1. Of all residues in the range 246-291, which are loosely packed, with under 15 Cβ neighbours inside 10 Å, touching a Gly at 6+ places or on another chain (Cβ under 9 Å) and assigned to a helix (DSSP H, G or I)?
2. Sort through V312, V320 and tell me the only one that's over 11 Å from the mean Cα position of the chain (by Cα) and assigned by TED's automatic domain parsing to the domain that holds A214.
3. Can you name every residue in the range 122-165 that is part of a helix (DSSP H, G or I) and among the aliphatic types (A, V, I, L, M)?
4. Residues in the range 422-435: is at least one without any contact (Cβ under 8 Å) to a residue 12 or more places away in the chain and among the aromatic types (F, W, Y)?
5. Taking the range 405-418, which residues are surrounded by fewer than 10 Cβ atoms within 10 Å (Cβ to Cβ) and under 19 Å from A363 (Cβ atoms)?
6. If we scan the range 181-194, do we find a residue that is at positive phi and either in the same structural domain as P233 (by TED's automatic domain parsing) or in contact with a strand residue (DSSP E or B) (Cβ under 9 Å, 6 or more places away or on another chain) (or both)?
7. Give me a count of the residues in the range 431-444 that are small (G, A, S) and exposed (fewer than 14 other Cβ atoms within 10 Å of the Cβ).
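The values are calculated or read from the model by the stated rules, or taken from the named source; none is laboratory data. Everything numeric in this text was worked out from a predicted model, so none of it was measured. Cβ: placed from backbone, ideal geometry, glycine included. Neighbour counts: every protein chain shown.
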Amino acid sequence: MLKHVISLLVIAAAPAAAQPLTAQQTAAIDQAVAKALADTAVPSASITIVRDGKIVLTRAYGKANEGLPAQANHPYQIASISKQFTAMALLLLEEEGKLNLDDKVSKWVPGISGGDKIALRQLLNHTSGLQDYWPQDFSFPAMARPTSPQAIVDIWAKKPLDFAPGDHAQYSNTGYVIAGMIAEKASGEPLMSYLKRKIFVPLKMTSVVNQDDAIGAAFPSGYGRYALGPVRPVTPAARGWLYAAGELSMSAEDLAKWNIARINRSLVPADDWAAQETTAKLNDGTAIPNGLGVFVSNSSGRKAVTHGGESVGFLATNTVYPAERTAITVMTNSWSGGAYGRISREIAKIVLPQPPEAAAASATTQRARIVYDQLRTGALDRSLLTDNANYYFTEQAVADYRSSLGPLGAPTSFEPNGKPSPRGGFMIQGYTIKYPARTLNLSTFYEPASGRIEQFLVSPGE
């Protein structure tokens, strides 16, 4: 069954669009996706990669449901990734002069707790204090029955606030339900209709459908599992539970068209893109990564605009790297296992240039692994060592390393422990080396300029 789950049905982009990825990169992506699906027992994944503002790869892997192989044009439920579209609807309505993000909620929806203190933008950046109506990673009993935005508001948005608006950040689907209701009042039309007219049709995002309608034999089914038990289809939530907080289904390729618009600052005014990506500050001045329907991070000097999504039986993630003009979209049809995040991270390693410090760390680890493999086979290249290290590795030391490490074979993992630190003119880097039945520790010192190894000590691990 496992082989059936990870068997690949590949739908690629047109050959001309795929040229920016090398055959080696494409093969590495295929391998990474297949392994992630196999390791997590997730039935399928659909991915799209944007480089230099163009789609360069669109592929689907595995099975969409029990009778349907995954295809690249299948609309997967993107859940909370939908929030950036709801937020953009309010930004566009502000451009049209129909609302102001500094308006108070009470101007638009009466009876909301703290409505006279909560600004619309605080709904969008999760600082409203409104209690989240679906914090769980499972369906609760009420989700078996249809609901409406007003019903959600009546139960959850009229409870006391969890904190004063702006004091803290706390993810709240409830805030986005209210934001959707406001968008409909301001625009005079259903939210989906407004989004189609302003975004989906202009961008030719033809696969977009309400997730309540993306159910049946022609669509991907949601799956899940209990602990490490069998993977089974799950029962979707009844109609109305996600609404403006996460109601959209679409193909990975259509979501990539939106990512390209973000990269190019096209379709909507550039200041709306900028506003969406501007992170908030709490009342005490603390900076938080919350934009309007997106989160913005800056790791190793690389800006990322991202959001994940979870609905019943589905997990997805969408990340845009504006400066690199790159975007990675991954959709999966199981809400058990972390395949979606793992696939996204692996693709990023393949298609994005490594930051200088990451590249240096990678080179250091590669050198340490080379020396380790040389020692366990007894073929040591002494040019990789300093004079002191060569003094340490006598014939007896090399023989003992070979006789004790050689029978273990190649390790299953060779991972650095944190970042290197300076000492005595060298950089210190530890490693954990794992085998199926045991773990070893490795202590290394190396010269910062040349990379030559000063110390290389292997000892038993825990």
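1. N264
2. Testing whether each residue is over 11 Å from the mean Cα position of the chain (by Cα) and assigned by TED's automatic domain parsing to the domain that holds A214 leaves just V312.
3. Residues satisfying the conditions are L123, L124, A142, M143, A144, A151, I152, V153, I155.
4. Scanning the range 422-435, I find no residue that is without any contact (Cβ under 8 Å) to a residue 12 or more places away in the chain and among the aromatic types (F, W, Y), so the answer is no.
5. G418
6. The answer is yes, given that some residue of the range 181-194 is at positive phi and either in the same structural domain as P233 (by TED's automatic domain parsing) or in contact with a strand residue (DSSP E or B) (Cβ under 9 Å, 6 or more places away or on another chain) (or both).
7. Adding up the residues that qualify gives 1.
Results for (1) over 28 Å from the mean Cα position of the chain (by Cα); (2) basic (K, R); (3) assigned by TED's automatic domain parsing to the domain that holds T306, shown as yes or no for each residue.
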residue	(1), (2), (3)
P110	yes, no, yes
N125	no, no, yes
S128	no, no, yes
F138	no, no, yes
K158	yes, yes, yes
L161	yes, no, yes
H168	no, no, yes
N173	no, no, yes
I178	no, no, yes
